[in-house]
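Okay, structure first, notes after.
The values are calculated or read from the model by the stated rules, or taken from the named source; none is laboratory data. Since we're looking at a predicted model, the values are computed, not measured. Please note: Cβ atoms are built from the backbone with ideal geometry, for glycine as well, and neighbour counts cover all protein chains shown.
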Amino acid sequence: MDEDLSDESLMLKFSRGNADAFEVVYQRHKNPLYGFILRQCEQSFVDELFQDIWLNVINARFNYKVKASFKTWLYHIARNRIIDHYRRQNIRAVDNDPEQIGKICGASDSQPENQLEASSQLQRLMNAIAALPNEQKEAFLLRQEAGLTVDEIAITTGVSYETAKSRLRYAIKKLRQQLETDDEP
């Protein structure tokens with residue numbers, strides 16, 4: 001039954017003590033959230049941040065109010081937690097290990113030549129994403145990993161709709177240019 005409810009309705013049920021409602025929300029968002037964190041942080045911190053973000057969601061359940069979509073709220077928490085992490089560590093976001101990312105993405109083609117080609121394409125894409133300026137990278141990952149709309153990206157990152165739209169547009173343009181350049185002999 002709970003699987004048919006919106007994320008917001010599930011969080012409200014969870015705030016009233018229904019743990020099963022939280023499980024449904026968690027199952028819906030765990031993989032995209034993990035992927036978003038993975039592409040923003042060093043592998044050694046991903047699990048800790050992932051758990052901490054969900055702990056923040058659990059702790060905030062009693063104060064949860066539907067002001068925006070649950071996804072927007074969740075990724076706002078995630079974004080702030082990642083920023084806090086880097087501030088405390090006094091470090092900058094790093095490029096990610098494409099091999100680890102490939103494990104998360106789960107390339108399942110069993111033909112070795114297809115696996116090699118898929119791995120090569122994934123490597124090129126991950127390198128292109130890592131080369132994006134941080135704001136564009138964040139907007140792109142919020143769109144692709146979290147499935148947020150431009151409006152939700154703007155709310156999550158605290159910028160105007162037009163700024164979020166521009167960041168996303170420039171990110172896609174740069175990725176296309178980089179991937180086309182890589183394809184040239």
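Structure notes:
- In the range 157-176, the residues that are assigned by TED's automatic domain parsing to the domain that holds Gln136 form Cβ pairs under 7 Å with partners that are of a type in the set (Asp, Glu) and buried (at least 19 other Cβ atoms within 10 Å of the Cβ), at six or more places apart or across chains, as follows: Thr157/Glu138.
- Residue match in the range 43-60 (condition: in contact (Cβ under 8 Å) with a residue 40 or more places away in the chain and among the small types (Gly, Ala, Ser)): no
- Members of the range 142-156 that are closer than 17 Å to Ile129 by Cβ and either in contact (Cβ under 8 Å) with a residue 40 or more places away in the chain or in the same structural domain as Arg81 (by TED's automatic domain parsing) (or both): Leu142, Glu145, Ala146, Gly147, Leu148
Table: residues versus (1) touching a Leu at 6+ places or on another chain (Cβ under 9 Å); (2) polar (S, T, N, Q).
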| site | (1), (2) |
| --- | --- |
| Ala19 | no, no |
| Phe22 | yes, no |
| Asn56 | no, yes |
| Trp73 | no, no |
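- Meets criteria (among the hydroxyl-bearing types (Ser, Thr, Tyr), modelled with pLDDT of 90 or more and over 13 Å from the mean Cα position of the chain (by Cα)) for Thr163: yes
- Helices (runs of 4 or more DSSP H) fully within the range 42-152 that include at least 2 residues being modelled with pLDDT under 85: 43-59, 70-89, 98-105, 112-130.
- Considering only residues in the range 1-22 that are of a type outside the set (Phe, Trp, Tyr), modelled with pLDDT of 90 or more and closer than 30 Å to Phe140 by Cβ, the one that is nearest to the chain's Cα centre (by Cα) turns out to be Asp7.
- For the range 20-59, taking the residues that are surrounded by fewer than 19 Cβ atoms within 10 Å (Cβ to Cβ) and aliphatic (A, V, I, L, M), the one that is nearest to Met126 (Cα to Cα) is identified as Leu55.
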